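The values are calculated or read from the model by the stated rules, or taken from the named source; none is laboratory data. Every value quoted in this text rests on a predicted model; they were computed, and no experiment measured them. Cβ coordinates were reconstructed from backbone atoms using ideal geometry, including for glycine residues, and neighbour counts include every protein chain displayed.
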Amino acid sequence: MPRSQVGRDTDRVDGRLKVTGAAEYSGDYRAADLAHAHLVTSTIARGTITSIDPAAALASPGVLRVYAAPESRLALYEVTGQAAGFTENYLPLKSDVVRFHGQAVAMVVAETPEQARDAAALVTVTYDAQPPRTSIADEPHVPAGPTISGAPSSLEILAPGVGSIDAALAASDVVVEAEFHQNVQHHVGMEPHAILAVWDGDQVTIHAGAQIPGPYALAMAQRLGILPQSVRLITRYVGGGFGARVVLWSDTPLAAAAARELGRPVRLVLTREQMFTLTGHRSHLTQTVRLGASRQGVLNAVSHRSVAERPTTIAFTMTPAHSTSDALYRTPNLHVDAQVAVLDIPGSRAMRGPNEAPGAFALETAMDELAVATGVDPVTLRLRNQATAHPATGLPWSSKHLDECYRLGAERFGWAGRSATPRTRVDGQWLYGTGMATAIYPAHRRAGVVARVRLLDDDTAVVSTATSDLGTGSATMVAISGADALGIPVQRVTPEIGDTLLPPGAPAVGSSGTHATVPMVVDAARNVIAELKRLAVTADRSPWHGAAVEDLRYERGILHGLGHSLTFGRLLTTIGSPGIYKESAPGGQPVPGYVHHSFGAHFCEVRVNRFTGETRVTRFTTVADVGRVINAKAARSQLVGGVIFGIGHALLEENHLELDTGRLASSTLADYLVPVNADVPDIDVVMLDRPDPVLTGPLGDGSEDVGTGSLGARGLGEIGTVGSAAAIGNAVYNATGIRVRDVPITLDKLIDHL
Amino acid sequence: MRPYTYAQARSVREALRGAGPDTAFLAGGTTLVDLMKLEVVTPERVVDINRLPLDGVTLDHKGLHIGALERMSDVAAHPAVRQHYPMIAQALELSASAQLRNMASIGGNLLQRTRCGYFRDVTTPCNKREPGSGCSALDGINRGHAVLGTSDACIATHPSDLAVPLVALSTTVHLASPRGTRSVPLDTFYTLPGSTPDVENVLRPDELITGITVPRSPWAARSLYLKVRDRQSYEFALTSAAVALELQGRTITNARIAAGGVGTRPWRLTAVERALTGRPATPATFEAAVTHAADGAQPREHNAFKPALLRRTLVRALTELQESR
């Protein structure tokens, strides 16, 4: 009999397809009579288009159309209501207003991609330019407004008798105050944004990478002025999301509207350069953290303020203290505040650990500074300040084993015996140091998720839900949880995802895909087993015809009772049914009265060259408390990938915004640096595998039929990223005695002090 | 990409026939095709020279001869290069990526264009790409830009790693044109930007690099190329140093030093060579010798760290070389 695959190493169901190139990504799909589009983008950041001359492009070989602002022939419409949050607030190519440098101002459609690209270079645009607003330091600051989860981004909790956070800090024995800066960062998924739009009457099929298929398609329908059911979005394979494929950017509706106007399928693939301005970025920001504590390091006051961007077209509301400083440590006095500045720059979007990665860099660096100031070991300091109730709300956690992360991580890494004095370990040219930091990320339950389980007469099952697999292994997770719930081998389950014709699936955002999907798969499995039993007692040819449902027992794919045993496939064959299916109830809201987070602890060692100042990460250990692990192999990969993201955050990634032009200086992967293999050491990842009893704990009725081994999962897509940059920065301090608060920590910030 | 005609040449003479300012020679294509896609270069004629007999790596009493069409990876792997000119092999292996090194030729490497982001973006002013349009890098993002050999018209960094040890070793470049052949020291092959940054070398429009000769020297075997950059692989140098020392006992009898990542061309440091010569190979000597290495540097807003980093890079390279004996 099969053992459950939950928590074990499972190869990806699509691994072979991907490594052999057989998996078809959005840009790989073909269509008869396909035309190809290429965008022309603005070279000013703010102002108006005074003229666009398409003549040379139109005369270029193979060109079918040039759609140009201010009034292209494309039919595009406002998006309103809830879907408005899933797209930009202007109609592309429908006005003369330039809102950011790199905005689409024209689109050429031709017979081949090369012809479209060459002709696009011939479109001449003139502008009436105005000075753009580009500086978060100089532009007026306004309150950021609610956080992404609806909580206030500004909060002050004071102990009785304390007049202000400043007073609480002033009354503390030890005060640490530090200001942090980081530049623009980009998602840079490996797959370019690519769209294929194919119309059939008033129905359109869109192939595009999307992290939240349902709302994406809804926004698309409104943008095109058609009914929601007229849009089918297929997002089968996606080469990296990281937040850049959450919303509907201008590219997809432009391609779809062109296909409609032209009466031919249209494919649009953005260039890497265009992806830097047309598909979002992480806001640059300034943060100030102030910590007040006793001489033993017990916190008395925590204050965390930030200023980030608010681009005019679409903005992610950056609230870096949310889920970091308002959640991590016990403190009688807490103050968090997020401000933004309205800027004429490309739209911003959530990027992996959207608030938490920058927020934790600031908080966890400041905590390290507090450890230095008090002489308390960094691990001890954090254990000493661990919160047992959520500081901002006072609620308990559904599950929290952070103390175990610290202890196990310290043991595996060999933290004991570390010299707290900087610059004490030298090996030849290299200064060595170690650092640690905490990881925290909220677990958002997603309402409305539905899964469908189909049992087929060949003893296989199909599990369907319109979630999206960004390369993380969601499809495999769906197969494993389906197999577990049905008690059959994973190989006998076919996952079906990434298609809006399927039941509404979990958004692949915010580390929530797994824990939003698994309970619904379990519920659908229960429902289909009940349906199987109902058929068994009602179908004419069934050996159980006329029996009571209570006489039947389903176990590992087999129905038993009254002396008969039949697999579900055999029963279906016997009664002449090709298959049966049932859906789950729509996923609900989380159980009230709890807060939900995943946790972790990072430990790392770096070396810094004493001559030239390069920082290289030499060792990394991460222990993560992420609830029940569904697929150990994919989970480890994702945590390792998260840590690599943190290495980029700490040491490499930044784009400079030119303040006078509003142009982002880097637009290639040669200039915008992400880690390469040589920058990544062996990363030791451990998962505690403690099921969350509340967030996705055992379902209510304790049914004997359905395996629930996959329940108790929590997300882990972002926890590897949160805090890892701080661990690296803290190790750099330990190695060199130099505290760098502006990431990335590049050698130019170190060499003058080495 | 602009339309162009493509032809394959089977001899140097055939390749040069009709060559002019609108002709581009295609070898590995790793720079040319990239810049043609961006429309930074827009040749009317592309002449594929990959079938020309410009290959071969040989070592004789005069030195190391490398054909212009030898691939970077093949030269880096060549035993004679590794044994007698280690810093050439090192500079090649620290360049680009394995895939690019498999394609890119030695002649093309010497002619590769700057990585300046403004040069590559045809929507921004750039005197090198479009003479007279202005230099966006002067007051733009210039962290990677040059501090030596710059002008008010251009501060673009010379991108080649290979050229740095070649300049240090007094390499000669062999050129062919319809008028015959000539040989030019690599050091003077490259020109400073001055007021004409679009001119980068003395190569004439109808001239082709056929090969290079690196002189035989007693110091080349004890040499090292050090490349300093933000990430460990696949990035251009912030600074680099090619250092070669000849020692008698502990005394430096000959030194060859050049730097990359800091100049508008590969930057030979003869003053540093002189300051090392005749002195003991000690940290104090190294420190003292590099004091004036960046004299005359003209840093801008984001690359002010480069003079100090250059001095540190040189000391580190000399120290590593000394310790590696």
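Odds and ends about this structure:
- Note on segment B:218-234: among residues that are in contact with a strand residue (DSSP E or B) (Cβ under 8 Å, 6 or more places away or on another chain) and without any contact (Cβ under 8 Å) to a residue 60 or more places away in the chain, the one that is nearest to the other protein chains (Cβ to nearest Cβ) is B:Q232.
- Residue check for B:V57: outside the structural domain of B:R231 (by TED's automatic domain parsing), under 21 Å from B:T191 (Cα atoms), over 16 Å from the mean Cα position of the chain (by Cα) and among the β-branched types (V, I, T): no
- Qualifying residue in segment A:612-620 (condition: within 14 Å of chain B (Cβ to nearest Cβ), in a loop (DSSP other than H, G, I, E, B) and at positive phi): yes
- All of (1) of a type in the set (F, W, Y); (2) more than 14 Å from chain A (Cβ to nearest Cβ); (3) touching a Pro at 6+ places or on another chain (Cβ under 8 Å) hold for B:F189 with one exception: (3).
- Residue within segment A:406-425 that is of a type in the set (A, V, I, L, M), in contact with an Asp or Glu (Cβ under 8 Å, 6 or more places away or on another chain) and surrounded by 23 or more Cβ atoms within 10 Å (Cβ to Cβ) present: no
- In segment A:553-566, the residue that is nearest to A:V463 (Cα to Cα) out of those that are of a type outside the set (D, E) and surrounded by fewer than 17 Cβ atoms within 10 Å (Cβ to Cβ) is A:R556.
- Per-region count, segment A:733-754, residues within 29 Å of the chain's Cα centre (by Cα) and away from chain B (no Cβ under 14 Å): 1
- Elements of type helices (runs of 4 or more DSSP H) in segment B:93-147, at least 2 residues being at the interface with chain A (Cβ under 10 Å from one of its Cβ atoms): B:117-120
- Set side by side, the residues A:L711, A:L673, A:L716, A:L699 differ, and just one is surrounded by 17 or more Cβ atoms within 10 Å (Cβ to Cβ), modelled with pLDDT under 90 and assigned to a loop (DSSP other than H, G, I, E, B), which is A:L711.
- B:P79 meets all of the listed conditions (1) more than 21 Å from the chain's Cα centre (by Cα); (2) touching a residue at least 24 places away in the same chain (Cβ under 8 Å) but one, namely (2).
- Just one residue in the set A:S4, A:S42, A:S60 is among the small types (G, A, S) and modelled with pLDDT under 95; that residue is A:S4.
- Scanning segment B:262-292 for residues that are buried (at least 24 other Cβ atoms within 10 Å of the Cβ) and either in contact with a Lys or Arg (Cβ under 8 Å, 6 or more places away or on another chain) or of a type in the set (S, T, N, Q) (or both) yields a total of 4.
- Yes/no for A:R452 being surrounded by 15 or more Cβ atoms within 10 Å (Cβ to Cβ) and either of a type in the set (G, A, S) or in contact with a Lys or Arg (Cβ under 8 Å, 6 or more places away or on another chain) (or both): yes
- Residues located in segment A:272-297, provided they are farther than 16 Å from A:L363 by Cβ and surrounded by fewer than 19 Cβ atoms within 10 Å (Cβ to Cβ): A:R272, A:E273, A:S294, A:R295, A:Q296
- If you filter segment A:426-449 down to residues that are surrounded by fewer than 24 Cβ atoms within 10 Å (Cβ to Cβ) and aliphatic (A, V, I, L, M), you find that the one that is farthest from the other protein chains (Cβ to nearest Cβ) is A:A447.
- Unique residue being in contact with a Pro (Cβ under 9 Å, 6 or more places away or on another chain), modelled with pLDDT of 95 or more, assigned to a loop (DSSP other than H, G, I, E, B) and acidic (D, E) when the list is A:D11, A:D33: A:D33
- Selection from segment A:90-126 of residues that are among the aliphatic types (A, V, I, L, M), part of a loop (DSSP other than H, G, I, E, B) and under 26 Å from A:I314 (Cβ atoms): A:L91, A:L93, A:V123
- Residue among A:V19, A:V66 that is touching a Leu at 6+ places or on another chain (Cβ under 6 Å), β-branched (V, I, T) and without any contact (Cβ under 8 Å) to a residue 60 or more places away in the chain: A:V66
- Residue count for segment B:235-257, restricted to those that are within 14 Å of chain A (Cβ to nearest Cβ) and under 24 Å from B:I66 (Cβ atoms): 5
- Only a single item in (1) at pLDDT 95 or above; (2) not assigned by TED's automatic domain parsing to the domain that holds A:L227; (3) not charged (D, E, K, R) is not met by A:F100, and it is number (2).
- Within segment A:113-125, residues that are within 11 Å of another protein chain (Cβ to nearest Cβ) have Cβ atoms under 8 Å from residues that are part of a strand (DSSP E or B) and of a type in the set (S, T, Y) in these pairs: A:V125/A:S51, counting only partners at least 6 apart in sequence or on another chain.
- The set of residues in segment A:488-528 that are in a loop (DSSP other than H, G, I, E, B), closer than 30 Å to A:L566 by Cα and touching a helix residue (DSSP H, G or I) at 6+ places or on another chain (Cβ under 8 Å) comprises A:P489, A:I497.
- Residues considered: A:T460, A:T465. Of these, the only one that is surrounded by fewer than 24 Cβ atoms within 10 Å (Cβ to Cβ), out of contact with any strand residue (DSSP E or B) (no Cβ under 6 Å at 6 or more places or on another chain), more than 25 Å from A:V643 (Cα to Cα) and of a type in the set (V, I, T) is A:T460.
- So A:A678, is it out of contact with any helix residue (DSSP H, G or I) (no Cβ under 9 Å at 6 or more places or on another chain), more than 23 Å from B:C116 (Cα to Cα) and within 12 Å of another protein chain (Cβ to nearest Cβ): yes
- Here segment A:635-667 is the region considered, the condition is being surrounded by 24 or more Cβ atoms within 10 Å (Cβ to Cβ) and among the small types (G, A, S), and the residue that is nearest to the other protein chains (Cβ to nearest Cβ) is A:A665.
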